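Novice: Below is a structure I'd like to ask you about.
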Amino acid sequence: MADDTIPRRNFLLGAGTAVAAGLAPLAPQDSKAGEQPTPAAAAPAEPEPLLALSATEAAFVSAAADTMIPADELSPSGTDCGVVTYIDRQLAGSYGAGAKMYRAGPFRRGKPEQGYQLTLTPRQYFATGIAAANEWARKSYGKEFDRLTPPERSAALSAMEHGAAEFENFSARAFFVRLHAMVMEGFFSDPMYGGNRNKVSWVMLGFPGLPATYADKVDAYFNKRYAAPPKSIADFS
């Protein structure tokens with residue numbers, strides 16, 4: 001693993017070690033027993049119209065996703081896996097509008113365990129956070145985040161993660177946590193939502209996707225390896 005990106009192993013640990021460990025034994029149906037599945041290659045990224053993100057915001061998200069998920073032997077880059085598309089669609093929908101969030105106040109400084117304590121909708125939060133991150137990058141590196149070199153991007157994200165980056169009137173660490181969570185969702189979610197293109201993360205993990213009940217297979221595969229290709233919600237539509 002090159003030193004100019006956040007190690008994918010650490011990223012996957014952040015995404016949920018227990019989930020990955022529980023799913024790893026599965027493999028595509030045509031794989032031989034004991035053989036590791038070969039990650040599917042993402043289709044060439046087709047230009048998609050942005051629904052919520054501005055061009056500047058999309059460039060930031062793309063650079064962040066590709067730093068967290070670099071193209072390597074495990075999968076294509078975060079952008080090629082559709083992470084930007086996923087985040088853009090989420091922010092353009094009811095989640096981005098804060099449809100299920102209580103935002104009537106009063107808004108006081110809360111404790112970390114109290115969760116989200118801002119008047120901003122998720123869409124506004126990302127817009128404000130990206131603007132603050134780019135402003136900090138300009139002050140620290142002389143250019144916006146998406147124009148940084150891979151090592152600089154990695155260092156910048158690390159500074160945000162550990163609270164070393166100082167955003168004006170905004171928590172850099174809180175923004176990183178939300179950004180990382182959205183990138184993680186885009187990489188592992190059902191492809192019907194725009195991310196996980198070609199089910200690349202599911203193939204990597206050996207996760208079968210939508211089918212969640214296997215009662216009819218318990219006896220036949222007791223103490224044996226069960227292999228099945230991943231299925232998306234769209235595959236059953």
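Novice: Hey, any idea what Rg/Rh is for segment 153-223, computing Rh the Kirkwood way over Cα pairs?
Specialist: Values: Rg = 18.6 Å, Rh = 15.1 Å.
That ratio equals 1.23.
Novice: For segment 108-158, what does the alpha-carbon gyration tensor say about shape, rounded, prolate or oblate, given a ≥ b ≥ c as the root eigenvalues, a/c under 1.5 as rounded, and a/b over b/c as prolate? Intermediate results must be reported in sequence, preceding the final value.
Specialist: Numbers: a/c = 2.93, a/b = 2.10, b/c = 1.40.
It is prolate, given that a/c is not under 1.5 and a/b is the larger ratio.
Novice: In nm, give the distance between the simple-model label positions of SER171 and GLU73, each being 7 Å from the Cα along the Cα-to-Cβ direction.
Specialist: 3.9 nm
Novice: Among rounded, prolate and oblate, which fits segment 46-176 when a ≥ b ≥ c are the square roots of the eigenvalues of its C-alpha gyration tensor, a/c under 1.5 means rounded, and a/b larger than b/c means prolate? List each step's numbers first, then the result.
Specialist: Values: a/c = 1.87, a/b = 1.25, b/c = 1.50.
Because a/c hits 1.5 or more and a/b fails to exceed b/c, segment 46-176 counts as oblate.
Novice: Compute the FRET efficiency between HIS162 and ALA234 as 1/(1 + (r/R0)^6), taking r as their Cβ-Cβ distance and R0 = 41 Å, and round to the nearest 0.05. Write out the running numbers ahead of the final one.
Specialist: Values: r = 39 Å, r/R0 = 0.95.
It comes out at approximately 0.60.
Novice: Starting from segment 122-217, pick out the chymotrypsin sites (Phe, Trp or Tyr not before Pro) whose DSSP state is loop and whose Cβ has at most 14 other Cβ atoms within 10 Å. Don't skip to the answer; put the middle values down first.
Specialist: Details: sites: TYR125, PHE126, TRP136, TYR141, PHE145, PHE167, PHE170, PHE175, PHE176, PHE187, PHE188, TYR193, TRP202, TYR214; in loops: TYR214.
Listed in order of number, the matching sites are TYR214.
Novice: What full-extension length gain, to one decimal in nm, is calculated for ASP216 and ARG103 as 0.36 nm per residue of separation minus the Cα-Cα distance? Please report the intermediate quantities before stating the final value.
Specialist: Values: separation 113, 0.36 × 113 = 40.68 nm, distance 4.62 nm.
Length gained between ASP216 and ARG103: 36.1 nm.
Every number here is computed from the coordinates shown, using simple stated rules; none is lab data. Treat the numbers as computed from the prediction; the structure is a model and nothing was measured. Glycine gets a Cβ as well: all are built from the backbone with ideal geometry, and neighbour counts include every protein chain shown.
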